[in-house]
Amino acid sequence: MSARPHTAFPWFLVAACLIMAALLLYVMFIGYLPARQRATRLEAELKQVYAREAALQTRLVQQEQRQALREQQTTAVARERDALAQRLEDAERELAVLRGRKR
């Protein structure tokens with residue numbers, strides 16, 4: 001009777017090792033690898049998002065530069081218009097003065 005319990009113990013140890021190996025394989029292949037693949041896909045997607053954000057940032061800077069140039073041009077045109085209006089008023093005054101002298 002004392003020999004029988006000792007022979008069952010190695011089979012129990014083998015079964016426990018097989019269960020541990022199965023759990024390890026499950027964790028590695030069923031759990032870890034898909035999670036790692038998903039993380040890799042997410043990293044690639046994140047790189048795309050960063051690239052798109054950089055492109056949008058570049059476009060925004062370009063648009064801001066164009067807007068600033070338009071504002072400068074508008075200001076220059078307004079100054080030129082004001083100067084021409086002032087010259088016209090001065091010319092009209094001179095003409096009125098000259099017409100007044102001729103009479």
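The values are calculated or read from the model by the stated rules, or taken from the named source; none is laboratory data. Only a predicted model underlies this, so the values are computations on that prediction, with no experimental measurement involved. Please note: Cβ atoms are built from the backbone with ideal geometry, for glycine as well, and neighbour counts cover all protein chains shown.
The C-beta contact set for the stretch 36-53 (first residue free of Cβ contacts under 8 Å to residues at least 24 places away in the same chain and at positive phi, second residue loosely packed, with under 10 Cβ neighbours inside 10 Å and not acidic (Asp, Glu), distance under 9 angstrom, 6+ apart or interchain) is empty.
Applying the condition of being of a type in the set (Lys, Arg) and part of a helix (DSSP H, G or I) to the stretch 84-103 and asking which residue is modelled with the lowest pLDDT yields Lys102.
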